Amino acid sequence: MPPYAPVLLALPPSAASASVLRSLRAENMRVDLITDGIAVLDAVRAEHPALLVLDVELPGPDHAAVLAAVHSEAPGVPVVAITPRERRASLLGQLRSDRDDYLLRPFAVDELSARIRLRLRLAVTMGHSVFRRGDLEVDTEFGEVTVDGQSVALSPTEFALLTALLAEPGETISHDRLAREVWREPASANLVQVYIGYLRRKIGPERIRTVRGAGYVLEG
């Protein structure tokens, strides 16, 4: 998405929604607000947003129908869905693991801002179908990985972990963030460590550096 494309907020009409809009704009983020589910798809078609924030309790059509339409007509647009805890389980099956995210209500604006910025960075990475770092090559469109020209078979969880690390190569990514990106729920540091071990054995142990107490770095 071009850098000037807006973030589209689809939130119920309320003072809280207006406050979220003001807070994100105060961070120099270009944001537009709509408060009617019927208008979401038209707004996505017209504005070509960089990202959609969709409250599942937005007035209008059922959020599942809105999500399906956005995924079909604007597959490049990542979605951050806002949901109450009791609707989280059903929502997870409607989100794409490689592009979408969710946030439980009530939420802090700074957490929403962080999720938005992360998804925008990931969208830039995923926009390039082939990512190369040294002799590691990852085709994010077809889910193919090669090391020194040799194909490497990864499980879906290992591939999701690798693409999470690809979002910011050279930067430390925390255990908690990897858990959110890969498992979409809290996961123990031990579980993350176990899968980092699996990934290291397949792509090379030197490619992923442990930063003690902080997380992991994908090296060049």
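The values are calculated or read from the model by the stated rules, or taken from the named source; none is laboratory data. This one's a predicted model, so the numbers in the text were calculated from it and none came from an experiment. Neighbour counts are summed over all protein chains in view; Cβ atoms, including those assigned to glycine, are modelled from backbone coordinates with ideal geometry. Surface accessibility is based on the protein's heavy atoms, side chains included, excluding ligands, DNA and RNA. Shrake-Rupley method; radii C 1.70, N 1.55, O 1.52, S 1.80 Å.
Quick one: count up the residues across the range 196-220 that are free of Cβ contacts under 8 Å to residues at least 12 places away in the same chain and not in a strand (DSSP E or B).
6
Output the residues belonging to the range 15-38 that are modelled with pLDDT of 90 or more and open to solvent by less than 60 Å² (accessible area, probe 1.4 Å).
Across the range 15-38, the qualifying residues are SER17, ALA18, SER19, VAL20, LEU21, SER23, LEU24, VAL31, ASP32, LEU33, ILE34, THR35.
Here are VAL44, VAL80: which of them is touching a residue at least 24 places away in the same chain (Cβ under 8 Å), in a helix (DSSP H, G or I), under 23 Å from LEU118 (Cβ atoms) and of a type in the set (A, V, I, L, M)?
Step by step, each of VAL44, VAL80 is checked, and only VAL44 is touching a residue at least 24 places away in the same chain (Cβ under 8 Å), in a helix (DSSP H, G or I), under 23 Å from LEU118 (Cβ atoms) and of a type in the set (A, V, I, L, M).
Criterion first (in contact with a Gly (Cβ under 8 Å, 6 or more places away or on another chain) and of a type in the set (D, E, K, R)) does ASP135 satisfy it?
Taking the combined requirement at face value, the residue satisfies it.
In the range 141-195, what count of residues is obtained for those that are surrounded by 15 or more Cβ atoms within 10 Å (Cβ to Cβ) and assigned to a strand (DSSP E or B)?
7
Please identify the pairs in which a residue from the range 145-171 that is over 15 Å from LEU122 (Cβ atoms) has its Cβ atom under 8 Å from the Cβ atom of a residue that is open to solvent by less than 40 Å² (accessible area, probe 1.4 Å) and charged (D, E, K, R), counting only partners at least 6 apart or on another chain.
Sorted first by the residue in the range 145-171, then by its partner, the pairs are VAL145/ASP139.
Please work out if LEU9 is touching a residue at least 24 places away in the same chain (Cβ under 8 Å), within 24 Å of ARG180 (Cα to Cα) and open to solvent by less than 70 Å² (accessible area, probe 1.4 Å).
For LEU9, the condition - touching a residue at least 24 places away in the same chain (Cβ under 8 Å), within 24 Å of ARG180 (Cα to Cα) and open to solvent by less than 70 Å² (accessible area, probe 1.4 Å) - is met.
Any residue at all in the range 46-59 that's on the phi > 0 side of the Ramachandran plot and modelled with pLDDT under 90?
So far as the range 46-59 goes, yes, one or more of its residues are on the phi > 0 side of the Ramachandran plot and modelled with pLDDT under 90.
Kindly establish whether PRO49 is within 17 Å of the chain's Cα centre (by Cα) and in a loop (DSSP other than H, G, I, E, B).
Yes.
So how many residues does the range 12-35 have that are in contact (Cβ under 8 Å) with a residue 40 or more places away in the chain and assigned to a loop (DSSP other than H, G, I, E, B)?
Looking only at that region, the number is 4.
What's the number of the condition LEU122 fails, among (1) of a type in the set (A, V, I, L, M, F, W, C); (2) at pLDDT 80 or above; (3) buried (at least 16 other Cβ atoms within 10 Å of the Cβ)?
The failed condition is (2).
Scanning the range 171-203 for residues that are of a type in the set (A, V, I, L, M) and within 13 Å of TYR216 (Cα to Cα), which turns out farthest from the chain's Cα centre (by Cα)?
VAL194
Listed residues ARG96, ARG87; which is assigned to a helix (DSSP H, G or I) and open to solvent by 40 Å² or more (accessible area, probe 1.4 Å)?
Residue meeting the stated conditions: ARG87.
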